[in-house]
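Heads up: the structure comes next, in structure tokens.
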Amino acid sequence: MRRDSRLSRMLHVLIHMAEHDEPLTSEAVASFLSTNPVVARRSMAGLRDAGFLTSKKGHGGGWALAVPLEKITLLDVYNALGDPAVFAFGPTDDQPDCLVEQAINERLAATLEEARALLLGRFATITLADINADFEEKLKASPWTGKPEFCG
């Protein structure tokens, strides 16, 4: 089953944005994400609509952080991406009249919702500044001496 990596990928883009003084074009973001600019713009639009990014069209335009990393949590980014599913598995409805399936689905749904609430609660406590600090520590320990560029 394929994983939804939008959250991780968008966090990656946002941390890189903090390292750049100029806005990043949709083409640059798309290149990093190995997708086309329309998909990149669609992903970034949710963050712009939530007030975390700005966008400017035309020459010299692009995407830029609208607020400091300290003001953006993992939960903010998750919500801006449209609340993607956090688990790849869940209840089935192949045989909705089956009492065994009903019992499984009720218990599984309740357990998954409890786990989702715990996960999203933790997301609310982690800022992008926390992740950026982790990156800065890795950078200090690295032999890299240049300015961080987009990976990929």
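The values are calculated or read from the model by the stated rules, or taken from the named source; none is laboratory data. Just so it is clear, the model here is predicted, and its values are computed rather than measured. Heads up, the Cβs are rebuilt from the backbone with ideal geometry, glycines too, and the neighbour counts pull from every protein chain shown.
Points to keep in mind about this one:
- Verdict on PRO84 being touching a Leu at 6+ places or on another chain (Cβ under 9 Å) and more than 20 Å from ARG6 (Cα to Cα): no
- Region 97-152, subset more than 22 Å from the chain's Cα centre (by Cα) and of a type in the set (Lys, Arg), residue modelled with the highest pLDDT: ARG107
- Residue among ALA64, ALA28 that alone is among the aliphatic types (A, V, I, L, M), touching a Lys or Arg at 6+ places or on another chain (Cβ under 9 Å) and under 24 Å from GLU136 (Cα atoms): ALA64
- Looking across region 21-40, the residues that are within 16 Å of the chain's Cα centre (by Cα) and of a type outside the set (Phe, Trp, Tyr) come down to VAL29, ALA30, LEU33, SER34, THR35, VAL39, ALA40.
- Within region 72-107, the set of residues being touching a Pro at 6+ places or on another chain (Cβ under 9 Å) and either outside any helix (DSSP H, G or I) or within 30 Å of THR127 (Cα to Cα) (or both) comprises just one member, TYR78.
- Considering residues of region 27-37 that are in contact with a helix residue (DSSP H, G or I) (Cβ under 8 Å, 6 or more places away or on another chain) and of a type outside the set (D, E, K, R) only, the residue surrounded by the most Cβ atoms within 10 Å (Cβ to Cβ): VAL29
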